[in-house]
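Structure first, then comments.
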Amino acid sequence: MAGAAKALIFLGPPGAGKGTQAKRIAKELGVPHLSTGDMLREAVANGTALGKQAKPIMDRGDLVPDSIVLGMVEERLQRPDCGNGFIFDGFPRTLPQAEELDRILVRRGFGNPLVIEFQVAEDTLIKRVSGRWSCPVGGETYNVYERAPKVPGICDVDGGKLVQRNDDRPEIVKERFAAYARQTMPLSQYYRKRGVLKAIDGGLGVDDVTRTLNGILNVAGA
Ligand code: AMP
């Protein structure tokens with residue numbers, strides 16, 4: 001990244017590893033990790049008006065309306081920590097979101113985003129999502145198949161009691177994959193045509209994917 005402010009977008013289906021990698025890379029680059037899913041879950045947990053509107057939609061695995069997500073993102077980008085760049089995880093997810101994001105980035109003085117598409121085989125995605133547990137204290141994520149915590153159900157970092165996401169249940173996961181195929185997959189073409197998309201093999205182990213990303217981003221220690 002050679003120190004330049006950059007808008008990074010991690011694109012990929014549920015379970016592709018976007019969140020895990022975004023956390024790591026954001027830390028390395030010293031930029032915020034902006035997960036619209038996390039923002040929405042926080043609004044739901046806080047019982048805000050926005051959260052109340054989003055909850056039933058999220059519970060059935062659909063996408064919340066563009067206007068809600070865009071309002072949230074625009075507000076978040078105004079905070080000073082976004083001045084040196086940021087990583088979007090789970091945003092944009094529809095063509096109108098991508099088009100509006102382009103306008104927002106121009107307004108905020110950013111050039112083209114760099115979009116990393118995580119490509120992962122479907123059976124791996126299912127295993128990752130169904131085995132996913134996270135810590136409500138620090139947000140650390142685990143997978144019972146690939147990256148199990150040392151003590152089952154307990155966070156290695158802060159001892160928090162691990163929880164499973166409401167929408168990681170099999171019937172809801174199916175809906176989330178369908179929403180991805182229908183509404184988000186076209187973004188791959190949208191960004192590829194602009195020459196700003198880089199596809200990576202997201203099926204590798206966590207450290208290997210981080211190494212790949214470091215290579216692309218030219219982060220020290222790659
Ligand atoms: P995630 O944590 O990214 O898998 O998001 C969880 C849920 O939040 C999704 O299934 C959607 O209901 C909602 N959501 C997150 N990001 C967006 C977005 N960019 N557009 C619409 N809905 C979103």
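Consider all pairwise Cα distances in the chain and report the whole-number % of them above 31 Å.
The calculated P(r) of the chain puts 16 percent of pairs beyond 31 Å.
Which percent, to the nearest 5, of DSSP beta bridges fully inside the chain are antiparallel?
Roughly 25 percent of the beta bridges in the chain run antiparallel, per DSSP.
Filter the cross-link list Lys127/Lys198; Lys6/Lys150; Lys52/Lys193; Lys55/Lys193; Lys161/Lys198 down to pairs whose alpha-carbon distance in this structure exceeds 32 Å.
From Lys127/Lys198; Lys6/Lys150; Lys52/Lys193; Lys55/Lys193; Lys161/Lys198, over 32 Å: Lys6/Lys150; Lys52/Lys193; Lys55/Lys193; Lys161/Lys198.
Just the ratio, please: alpha-carbon radius of gyration of the stretch 1-79 over 2.2 N^0.38 Å, N its number of residues.
Relative to the 2.2 N^0.38 Å estimate, the stretch 1-79 comes out at 1.20.
State to the nearest 20 debye the size of the charge dipole of the stretch 1-145 about its Cα centre, where the only charges are +1 on K and R beta carbons and -1 on D and E beta carbons. Please report the intermediate quantities before stating the final value.
Working: 18 positive and 17 negative charges, 54 e Å.
Dipole of the stretch 1-145, to the nearest 20 debye: 260 debye.
Put +1 on the Cβ of every Lys and Arg and -1 on every Asp and Glu Cβ in the stretch 97-186; which of Gly160, Leu101, Pro170 then has its Cα farthest towards the positive end of the dipole?
Gly160
How big is the dipole moment of the stretch 31-97 about its Cα centre under a simple scheme where the beta carbon of each Lys and Arg is +1, that of each Asp and Glu is -1, and everything else is neutral? Debye, nearest 20, please.
On the way: 7 positive and 9 negative charges, 30 e Å.
Roughly 140 debye, rounded to the nearest 20.
Looking at Met58, Pro92, Thr141, which one has the Cα that reaches farthest to the positive end of the dipole of the chain (charges on Cβ: Lys, Arg +1; Asp, Glu -1)?
Pro92
Which one of Thr184, Gly131, Ile116 has its Cα pushed farthest toward the positive end of the charge dipole of the stretch 114-186, where Lys and Arg give +1 and Asp and Glu give -1 at the Cβ?
Gly131
A short reminder: the numbers here are calculations on the coordinates, not readings from a lab. The structure presented is a predicted model; accordingly, all values stated were derived computationally and were not measured. Cβ: placed from backbone, ideal geometry, glycine included. Neighbour counts: every protein chain shown.
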